[in-house]
Amino acid sequence: LSQHGVALHVTVLDQGSDPGTLARLAAAVATHARASLYALEHNVRVAGGRNLASARGHGRVILGLDNDARFAAPDTLARAVAMLDADPKLAAIGVRILAEATGGDDLHSWGYPRSLLARAGQVFDAVTFVGAGHAIRRTAFAALGGYDEALFFCWEEYDFSLRAIAAGWTIRYHGDIAVRHRL
């Protein structure tokens, strides 16, 4: 909600938290007009949760941010949207994921060949993105039917990317845009 330079609405999808946790989350979200909370009684896994949360939104860009991550700068979202706006063939971008504790690259979240790690601060076309921080063009997400809900964790981004590339879209890594990830 502290992002600037772009209109936004935050969708939070809770997947089966205990009643006390859910009550605290609901109280926090209730104080923000630009945020909504949706609660499920059980965990529908990462891909299913992302599909449900994305379906609740209406903006032209879906920005995914894991619950253990935060934006590295107050204009992260605006910069991601600008990158998608600048290239109509771009379906999704992955962003640089920094370790919260050190500020260095989160090597556990590096989803690209090790040989590209030296280019972590650069921009390059890719065949996947890492879910901890990413942006997807809503029209691409809808055209591809979102994530394959049969996939449990991590592979849903790769599968989505391969389907996007096969449909003529591009996937790009943007090391110049970052999120901070708690390990």
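The values are calculated or read from the model by the stated rules, or taken from the named source; none is laboratory data. Keep in mind that this is a model prediction, so the values were computed, not measured. Please note: Cβ atoms are built from the backbone with ideal geometry, for glycine as well, and neighbour counts cover all protein chains shown. Side chains are part of the model used for accessible areas, which takes the heavy atoms of the whole protein and leaves out ligands, DNA and RNA. Shrake-Rupley method; radii C 1.70, N 1.55, O 1.52, S 1.80 Å.
Odds and ends about this structure:
- Filter result for Arg182 (among the basic types (Lys, Arg), within 20 Å of Ala47 (Cα to Cα), surrounded by fewer than 22 Cβ atoms within 10 Å (Cβ to Cβ) and out of contact with any Ser or Thr (no Cβ under 8 Å at 6 or more places or on another chain)): no
- Boolean, Gly94 is more than 18 Å from Gly5 (Cα to Cα) and outside any strand (DSSP E or B): no
- Residue match in the stretch 23-31 (condition: touching a helix residue (DSSP H, G or I) at 6+ places or on another chain (Cβ under 6 Å) and either open to solvent by 50 Å² or more (accessible area, probe 1.4 Å) or not hydrophobic (A, V, I, L, M, F, W, C) (or both)): no
- Applying a threshold of 7 Å to beta carbon distances and a minimum spacing of six or more residues, or different chains, the list of pairs starting in the stretch 118-142 at a residue that is in a loop (DSSP other than H, G, I, E, B) and ending at one that is crowded, with 23+ Cβ neighbours inside 10 Å and among the aliphatic types (A, V, I, L, M) reads Val127/Ile171; Thr128/Ile171; Phe129/Ala92; Phe129/Ile93; Phe129/Ile171; Val130/Ile97; Ala132/Ile97; Ala132/Val179.
- Residues that are β-branched (Val, Ile, Thr) and closer than 17 Å to Ala140 by Cα, drawn from the stretch 165-183: Ile165, Thr170, Ile171
- Restricting the first member to the stretch 81-109 and to residues that are within 17 Å of Gly175 (Cβ to Cβ), and the second to residues that are assigned to a helix (DSSP H, G or I) and aromatic (Phe, Trp, Tyr), the beta-carbon pairs closer than 9 Å and six or more apart or on different chains are Ala92/Phe141; Ala92/Phe160.
- Qualifying position, being out of contact with any Asp or Glu (no Cβ under 7 Å at 6 or more places or on another chain) and within 18 Å of Gly49 (Cβ to Cβ), among Tyr158, Tyr112: Tyr158
Okay, residues lined up against (1) over 26 Å from Thr139 (Cα atoms); (2) among the charged types (D, E, K, R); (3) not in a strand (DSSP E or B):
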{"residue": "Leu13", "(1), (2), (3)": "no, no, no"}
{"residue": "His42", "(1), (2), (3)": "yes, no, yes"}
{"residue": "Ser54", "(1), (2), (3)": "no, no, yes"}
{"residue": "His58", "(1), (2), (3)": "no, no, yes"}
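- Listed by first and then second residue, the pairs with beta-carbon distance under 6 Å, at least 6 apart or on different chains, first residue in the stretch 158-176 and part of a helix (DSSP H, G or I), second open to solvent by 40 Å² or more (accessible area, probe 1.4 Å) and not aliphatic (A, V, I, L, M), are Asp159/Asp148.
- Residue count for the stretch 111-142, restricted to those that are loosely packed, with under 12 Cβ neighbours inside 10 Å and more than 12 Å from His174 (Cβ to Cβ): 5.
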